[in-house]
1. Where the centroid of each part is defined by its Cα atoms, how far is the stretch 122-148 from the stretch 231-274 in Å?
2. Sketch the reach of a paramagnetic label on CYS133 as a point 7 Å from Cα along Cα-to-Cβ, and name the residues of the stretch 271-299 whose backbone nitrogen lies under 17 Å away.
3. How much length would be gained if the chain were fully extended between ALA146 and TRP213, taking 0.36 nm per residue of separation minus their Cα-Cα distance, in nm to one decimal?
4. Just to check, using Stokes-Einstein with a Kirkwood Rh over alpha carbon pairs, what's the diffusion coefficient of the stretch 123-187 at 25 °C and 0.890 mPa s in µm²/s?
5. Report the extension gain between TYR46 and GLU486 in nm, rounded to one decimal, defined as 0.36 nm multiplied by the number of residues separating them, less their alpha carbon distance.
6. At a 10 angstrom cut-off on C-beta neighbours, averaged per residue, how do the peptides 297-308, 103-114, 435-446 rank from highest to lowest?
7. Tell me, what HN-Hα J-couplings in whole Hz come from the Karplus equation 6.51 cos²θ - 1.76 cosθ + 1.60 at θ = phi - 60° for each residue of the stretch 330-342, using x for Gly and Pro?
8. Computing the accessible area with a 1.4 Å probe over protein heavy atoms, can you report the carbon and sulfur percentage for the stretch 133-223?
Amino acid sequence: MDLIEVSTDHNGTALEMQYDLEDEPENRECVDDCLAYGINEKPPSYLTPLLAVQNVVTTLGCLIFVYNILAPKLCILPEDPARAHLLATGVMMAGIGTVMQTILGVRLPIVQTSGFVYLSCTLSILDLPKWQCSSNIDLFTMGPEARTQVWNLRVQNIQGTMISIGIIQMFLGYSGIVGKSLKYITPLTVVPTMCLIGLSVIEKGVFLMSGNWTTAIMTLFLLTLFSQYLRKVAISLPVYSSKGGMFRVRLKIFALFSILLSVGIMWIVCNYMTSKNNLLPTDPANTDSKAGILRNAQIFRIPYPFQWGWPTVNLTSILAMLPALFVNIVESVANYYTCARFSNLTKPPPNAVNRGIGIQGISTIFAGFLGTGSGVSSSSENVGNIGITRVCSRNVIGLSACIMIVVSTFTKLIALLVTLPDPVLGAMTSVLLVLIGAVALSNLQFINLNSLRNMYILGLSIFFGLAIPKYISAVHVNTIINTKYETINDVLIAYLSSGIFISGFIGFILDNTIPVDDDDAMSSNGYHNPGNELNISNKTIDEQVYKISDCLYDKINYFLTFFL
């Protein structure tokens with residue numbers, strides 16, 4: 001006999017809980033049908049690993065896409081196991097950065113990853129004449145040792161740049177400068193910046209899908225079917241509990257694991273069609289096209305500091321990477337506020353934001369030591385996942401980080417992920433870009449969209465963020481930027497080629513210089529807690545969420561004193 005019981009959670013959401021009275025007459029453990037777990041709540045032991053894996057899949061999808069774009073610019077051939085080694089290093093750093101952020105940083109359940117933020121500036125640096133690659137044929141004829149030296153030199157340059165940028169970010173965070181600047185970082189700065197993060201790489205996602213549109217469209221179809229049309233379908237599953245033995249729970253499997261199910265199904269289909277010779281060897285959906293990476297990769301390898309050589313410091317690269325630092329701070333602040341809203345918390349206080357930015361700086365320094373080829377930023381895609389699943393538990397994110405650290409040492413498994421067919425990867429990336437856009441657009445609720453001033457700033461920022469990089473790529477830059485100093489020329493080209501920086505910078509300047517009309521003045525032009533809906537007791541509880549415990553704080557001070 002089954003019993004359906006309806007109750008109300010702390011958010012006022014109706015929860016449907018199903019018990020099996022025959023299997024569990026005394027100790028009944030129930031599962032929230034909406035899966036709305038708060039930041040300090042622990043999902044059941046049978047759910048936590050699955051929810052953690054979903055976050056890992058989202059992070060891996062982003063990282064695979066980033067390194068698919070970055071590897072050719074580093075002069076790494078398609079079947080070179082170096083692709084797997086770089087990806088494994090990025091996965092390990094994502095896990096380490098996430099652990100540091102949830103414990104010592106802003107303490108919100110936000111995954112840290114080498115996302116799209118640093119990619120545009122890194123590509124601008126690698127597009128400079130000094131770092132451009134030879135053709136794949138020339139690289140192949142060099143031999144393995146010469147090729148390794150070629151891409152190692154490029155990674156070493158990025159390493160030195162990231163260490164320098166991380167030091168600057170750490171200073172901006174722990175000095176309190178970011179916290180004091182929060183009143184100037186409004187949604188009119190955040191929305192154009194985050195929207196251009198997705199739009200700047202959308203062409204590369206479409207290029208991956210264009211190799212086999214049928215496979216890509218089928219992947220998108222499954223993603224849409226599972227995440228939207230079947231999101232409310234709950235399936236009864238048997239579960240064992242140490243408290244009461246076997247009982248049944250109803251889970252919204254399709255909503256929780258839409259990405260995992262869709263990618264897994266299409267990957268199996270591509271493997272089957274490849275085994276039946278239904279796909280040409282040149283088809284990107286053919287799973288044998290990247291088999292060389294899997295064959296050549298080691299089974300087990302632990303990433304270690306300076307594994308590609310000692311970092312090199314280049315002033316041009318550091319100056320060209322500064323726009324990514326600005327974008328990283330803006331995106332992180334937006335993600336902190338969005339994640340806090342999804343978690344039903346008050347917005348993070350300035351000291352918590354300062355810690356979060358400071359920890360990201362330290363993580364970027366570590367990324368420079370390990371040689372990830374990128375920096376560390378907060379993951380908008382995983383924040384979007386939190387908004388969809390409403391699972392805001394730090395335990396889930398912490399387990400996700402531990403899984404990534406462990407998985408990164410199994411290079412063969414990482415190499416297997418690199419072999420994900422390009423059309424499937426392109427379709428999955430399109431969903432990640434949708435999540436970034438959704439998180440960005442959710443910030444519009446804080447501004448007055450009836451104000452012509454706000455609409456003008458928003459439209460102009462996005463327009464110039466799209467137009468100027470297109471113009472720079474279409475003309476010979478030496479005809480418009482030709483100073484006496486080559487370093488200044490290269491830095492200006494990098495700045496003007498970064499649509500993310502241009503849109504955010506224009507939005508920041510216009511929003512803080514154009515006066516607000518009296519009839520348009522709204523307190524919602526900045527981030528706030530609408531209606532002051534949280535009472536004093538809730539605010540006190542939220543402050544404890546962001547606060548580092550006194551015991552941990554004392555241990556950190558002791559650790560720093562020991563070394564300093």
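The values are calculated or read from the model by the stated rules, or taken from the named source; none is laboratory data. Nothing here was measured: the structure is a model prediction, and the numbers come from that model. Please note: Cβ atoms are built from the backbone with ideal geometry, for glycine as well, and neighbour counts cover all protein chains shown. Please note that ligands, DNA and RNA were not included when accessible areas were found on the heavy atoms of the full protein model with its side chains. Shrake-Rupley method; radii C 1.70, N 1.55, O 1.52, S 1.80 Å.
1. Centre-to-centre (Cα) distance: 43 Å.
2. Counting backbone N atoms under 17 Å from the label point, the list is 290-294.
3. On the way: separation 67, 0.36 × 67 = 24.12 nm, distance 3.69 nm.
Contour length minus Cα-Cα distance gives 20.4 nm.
4. On the way: Rh = 15.0 Å.
After rounding, the answer is 164 µm²/s.
5. Numbers: separation 440, 0.36 × 440 = 158.40 nm, distance 5.87 nm.
The span from TYR46 to GLU486 would gain 152.5 nm if fully extended.
6. Values: 297-308: 14.4, 103-114: 26.4, 435-446: 19.8.
Highest mean packing first, the order is 103-114, 435-446, 297-308.
7. Running phi through 6.51 cos²θ - 1.76 cosθ + 1.60 with θ = phi - 60° gives 4, 5, 5, 4, 4, 5, 4, 5, 5, 5, 4, 5, 4 Hz.
8. On the way: 2850 of 4150 Å².
About 69 percent, which is the carbon plus sulfur part of the accessible surface.
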